[in-house]
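Heads up, the thing below is written out as structure tokens.
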Amino acid sequence: MELVRAKEALKKYFGYDRFRPMQAEIIQNILNQQDAVVLMPTGGGKSVCFQIPALLMEGLCIVISPLIALMKDQVEGLKANGIAASFLNSTQNSQELAITENMAYKGEIKLLYISPEKLMAAGFFNFLKRLKISLFAIDEAHCVSTWGHDFRPEYTQLGALREQFPTIPMIALTATADKLTRKDIITLLKLRDPEVFIASFDRPNLSLTVLPAQNRIGMIQRFLFNHPKQAGIIYCLSRKSTESVANKLQNMGFSAAYYHAGMTAEERSVTQEAFINDKIQIICATIAFGMGIDKSNVRWIIHYNLPKNLESYYQEIGRAGRDGLKSDTLLFYSFGDVLVLRDMIVANQSPNTEVQLMKLERMQQYTEAQICRRKILLSYFNEDLKENCNNCDVCKNPPAWIDGTTIAQKALSALARTGEQVGMGMLIDILRGSGRQEIIEKGYNKIKTYGAGKDISAGDWQQYLLQFLQLGFIEVAYDQNNVLKLTEASKQVLFGNRQVNLVQMAVIQQKNQEKKEEAKPKSVTQTLKDELFDLLLTTRKEIALSEGIPPYLVFTDATLTEIAELRPIFETEMKNISGVGERKYKQYGRKFLKVVYDFVLEKSKQNKKITGGTYLLTLDLFRQGKNFEQIAQERNRGVQTIVSHLAYLYENGYKIDIFQYVSLQEIEQIKEVHTKMMFVEGIEPAKQIFDSFGGTIEIEKIIFALAHLKRMNENV
Ligand code: ADP
Ligand code: ZN
């Protein structure tokens, strides 16, 4: 029973027809007054899990969220859906605070977002005690744990909530899946025998690609040509590289900006707003960017540098495609980054250095893997993906193996002859016979294998050496300036006792090139869809601008895509589109219907076949003041057809004054006959009614009358 109401609320407020996996169970659990822990990936749909109970339960739902920047957006998003919500945090002045507190007190809002600092401020619990609270939702609950990657000391005090409000249900939500964090959440928040919901962390709409970090800017340029106008983020390790990458892209004519913690708060917020509002396409950022944004139409993520662990990586790529549409992710991998990150971790001297180094190693293994990447990722999060995903570079471009024994022998023997005193770059130079001064000085040009690998490019050598590392034929001595060392296994190779299988370099090269998609001619359907989508984007942008909200809060890309595909021209059709709830229909529905209407009409005028076009052509002539006969003649159709076009439009909500043609009295008469009649199949009902009247009422009247009855929901 309650779930029926929950589902109604989902449609009414959010415009969605069905719950995503787990949402219904979680909502039911809360409605039963049970505590819950929810682990769901970014974009999985966590918010709905407490927002719907908040709507259905009596009283106010308090949402604790550490992301002040996000609060405003979330509250605006709720308001756009017709849900009364507000927020309290330290950025507001006393007057703003007082207004919100008053609304909460009077029961005028259903959700109140609060920052943890605010919650713990002196006297605030007294205020809360005066409210009727239905539910506490702790968002980003992993912040309570020092194991998580985003520990916030304020969060540790949230346990006080449970003590002060022992009977109010509590739901803790996070996208961090690891077990220690989960345990911390339960104990530190003092949850009461909570039900733990773990959703799948798979995000099948995100493609996964890893490329060697060579010619990164060139690769990015190519990537961007395949993602015209689509918003995305390029994550860089250093502030300096965010600036230089952004500059290079700007010089190529892209709309790009940079973002890092060294900028003033003002500069940062201007940049962030511009990105959120679709005014800047590309942000080159340090990981400082993204935590505070909820933009659902980020279409791609590029990692210019290696992330420090798979959690961060997954969270960062998770910022793409929250709307569920296909999105691409690309990671550039270089061994140099591994070394830099290692040094950073070691220099930090935190108590869990070992753990962090291990996590870095897992990250590295991921990039070097030759099996489905999604399998690796999900297994890291303790999930087992049965089938290959077919949406990662390994699946799309499976490795081909070559006998690399000779190649390995050349490299390993060169390494041995340097006395295992060189790093990767130097070893490659020796193999390729570089005349670099240092090589001459150290006498490396005299060793037997000097120049023995000239036929292989430096880039390819890099890849081969990485494979040797992966295969355990070399090791890095981190404590000796990262020079390479031989291993037991490499001795077997050197003495010819072991064959070495390597991934063919051509496969890797092909991967590099793969991205330039061949220009297949687009289908007519696709062209229409793209054209309409562009028009819808423009309208969305105009509305967003005039309302001062981000475009994706008007409608998500997913909603616009569905509109572009289904081309609704009637209210009911528009309301059936996913993401069009009651309030949004009221606010924006007609504007978007008009865009589709104009589009369909224009295409029909150009003689393009398009669903609904014939009705709109008729209507257009009718609106020009032409009568049925004139329209019939012009359109080369029968009068009856013209009338049924108009009747059909009227029936579905169009404004057409049918009472010029049929009176209410006549409609009543027709209705009466209709209710009594037994209809024969295969003959139009209007015709049958016409016959039963013996021709005393014109068929046009009957057609309009039936349309009217249907429009009034009379069962005809
Ligand atoms: P999270 O907080 O888990 O990152 P959100 O709650 O922001 O995710 O939801 C991500 C997106 O999915 C939002 O655009 C949201 O409106 C949408 N969404 C949530 N539930 C559903 C659903 N049942 N059907 C369709 N879309 C949904
Ligand atoms: Zn795969």
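For the reader, a short list of remarks on this structure follows.
- Being open to solvent by less than 60 Å² (accessible area, probe 1.4 Å), closer than 23 Å to Ala320 by Cα and either polar (S, T, N, Q) or part of a helix (DSSP H, G or I) (or both) is true of Thr559.
- Residue satisfying condition, being open to solvent by 30 Å² or more (accessible area, probe 1.4 Å), away from ligand 2 (no atom under 16 Å from the Cβ) and outside any helix (DSSP H, G or I), within set Lys448, Lys410: Lys448
- Evaluation of Val600 against the conditions (1) surrounded by fewer than 21 Cβ atoms within 10 Å (Cβ to Cβ); (2) outside any loop (DSSP other than H, G, I, E, B) shows that the sole unmet condition is (1).
One line per residue, one yes/no per condition, for (1) more than 21 Å from Phe87 (Cβ to Cβ); (2) more than 16 Å from ligand 2 (Cβ to nearest atom); (3) in contact with a helix residue (DSSP H, G or I) (Cβ under 8 Å, 6 or more places away or on another chain):
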{"position": "Val4", "(1), (2), (3)": "yes, yes, no"}
{"position": "Val37", "(1), (2), (3)": "yes, yes, yes"}
{"position": "Lys46", "(1), (2), (3)": "no, yes, no"}
{"position": "Leu55", "(1), (2), (3)": "no, yes, yes"}
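- Spans of helices (runs of 4 or more DSSP H) in region 96-167 with at least 2 residues closer than 30 Å to Lys179 by Cβ and open to solvent by 30 Å² or more (accessible area, probe 1.4 Å): 116-120, 159-164
Condition check ((1) over 15 Å from Leu601 (Cβ atoms); (2) among the aromatic types (Phe, Trp, Tyr); (3) within 42 Å of the chain's Cα centre (by Cα); (4) surrounded by 18 or more Cβ atoms within 10 Å (Cβ to Cβ)) across all residues:
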{"residue": "Leu619", "(1), (2), (3), (4)": "no, no, yes, yes"}
{"residue": "Arg623", "(1), (2), (3), (4)": "no, no, no, no"}
{"residue": "Phe628", "(1), (2), (3), (4)": "yes, yes, no, yes"}
{"residue": "Ile631", "(1), (2), (3), (4)": "no, no, no, yes"}
{"residue": "Arg635", "(1), (2), (3), (4)": "no, no, no, no"}
{"residue": "Val639", "(1), (2), (3), (4)": "yes, no, no, no"}
{"residue": "Ile642", "(1), (2), (3), (4)": "yes, no, no, yes"}
{"residue": "Tyr650", "(1), (2), (3), (4)": "yes, yes, yes, yes"}
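- Residue match in region 81-92 (condition: part of a helix (DSSP H, G or I) and modelled with pLDDT under 95): no
- Region 393-405: number of residues that are open to solvent by 30 Å² or more (accessible area, probe 1.4 Å) and more than 10 Å from ligand 2 (Cβ to nearest atom): 5
- Hey, Lys386 open to solvent by 40 Å² or more (accessible area, probe 1.4 Å) and part of a helix (DSSP H, G or I) or not: no
- Count - residues of region 461-482 that are open to solvent by 50 Å² or more (accessible area, probe 1.4 Å) and in a strand (DSSP E or B): 1
- Residue match in region 336-358 (condition: modelled with pLDDT under 90 and surrounded by 17 or more Cβ atoms within 10 Å (Cβ to Cβ)): yes
- Test: Glu547 is surrounded by fewer than 16 Cβ atoms within 10 Å (Cβ to Cβ), within 16 Å of ligand 2 (Cβ to nearest atom) and either at pLDDT below 95 or assigned by TED's automatic domain parsing to the domain that holds Gly324 (or both): no
- Screening region 174-197 for residues that are touching a helix residue (DSSP H, G or I) at 6+ places or on another chain (Cβ under 6 Å) and part of a strand (DSSP E or B) and picking the one that is surrounded by the most Cβ atoms within 10 Å (Cβ to Cβ) gives Thr174.
- Pair list, Cβ < 6 Å and 6+ apart or interchain, from region 381-410 residues that are within 16 Å of ligand 1 (Cβ to nearest atom) to residues that are in a loop (DSSP other than H, G, I, E, B) and open to solvent by less than 50 Å² (accessible area, probe 1.4 Å): Phe381/Ala177; Phe381/Phe201
- The number of residues in region 639-653 being modelled with pLDDT of 95 or more and outside any helix (DSSP H, G or I) comes to 0.
- When the residues of region 19-59 are filtered to those that are among the charged types (D, E, K, R) and in contact with a Leu (Cβ under 8 Å, 6 or more places away or on another chain), the one that is most open to solvent (accessible area, probe 1.4 Å) is Lys46.
- Test for Leu78: is it in contact (Cβ under 8 Å) with a residue 24 or more places away in the chain, more than 26 Å from Asn297 (Cα to Cα) and either within 16 Å of ligand 1 (Cβ to nearest atom) or outside the structural domain of Ala141 (by TED's automatic domain parsing) (or both): no
- Every residue from region 28-75 that is assigned to a loop (DSSP other than H, G, I, E, B) and either among the β-branched types (Val, Ile, Thr) or within 13 Å of ligand 1 (Cβ to nearest atom) (or both): Met40, Pro41, Thr42, Gly43, Gly44, Gly45, Lys46, Ser65, Leu67
- Criterion violated by Ser379 - all others in (1) exposed (fewer than 15 other Cβ atoms within 10 Å of the Cβ); (2) of a type in the set (Ser, Thr, Tyr); (3) modelled with pLDDT of 90 or more satisfied: (3)
- Of the listed requirements (1) away from ligand 1 (no atom under 16 Å from the Cβ); (2) more than 25 Å from Arg222 (Cβ to Cβ), Asp328 misses just one: (2).
- Among (1) over 30 Å from Leu553 (Cα atoms); (2) at pLDDT 95 or above, the one test that Lys603 misses: (1)
- Filtered by the rule that a residue be farther than 18 Å from Ile689 by Cβ and open to solvent by less than 30 Å² (accessible area, probe 1.4 Å), region 655-673 gives a lone residue, Ile656.
- The set of residues in region 368-392 being more than 8 Å from ligand 2 (Cβ to nearest atom) and of a type in the set (D, E, K, R) consists of Glu368, Glu383, Asp384, Lys386, Glu387.
Results for (1) within 16 Å of ligand 1 (Cβ to nearest atom); (2) assigned to a loop (DSSP other than H, G, I, E, B); (3) over 43 Å from the mean Cα position of the chain (by Cα); (4) more than 24 Å from Ser334 (Cα to Cα), shown as yes or no for each residue.
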position: Ser379; (1), (2), (3), (4): no, no, no, no
position: Gln421; (1), (2), (3), (4): no, yes, yes, no
position: Gly425; (1), (2), (3), (4): no, no, no, no
position: Ile428; (1), (2), (3), (4): no, no, no, no
position: Gly433; (1), (2), (3), (4): no, yes, yes, no
position: Ile439; (1), (2), (3), (4): no, no, yes, no
position: Gly459; (1), (2), (3), (4): no, no, no, no
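- Long-range neighbours under 8 Å by Cβ, at least six apart or interchain, first residue closer than 26 Å to Glu573 by Cβ and assigned by TED's automatic domain parsing to the domain that holds Gly589 within region 7-28, second open to solvent by 10 Å² or more (accessible area, probe 1.4 Å) and within 16 Å of ligand 2 (Cβ to nearest atom): none
- Only one of the listed residues (Lys454, Lys511) is modelled with pLDDT of 85 or more and basic (Lys, Arg). That residue is Lys454.
- Condition check for Arg20: assigned to a loop (DSSP other than H, G, I, E, B) and not polar (S, T, N, Q): yes
The values are calculated or read from the model by the stated rules, or taken from the named source; none is laboratory data. The structure presented is a predicted model; accordingly, all values stated were derived computationally and were not measured. Cβ atoms come from the backbone with ideal geometry, glycine included; neighbour counts cover every protein chain shown. Side chains are part of the model used for accessible areas, which takes the heavy atoms of the whole protein and leaves out ligands, DNA and RNA. Shrake-Rupley method; radii C 1.70, N 1.55, O 1.52, S 1.80 Å.
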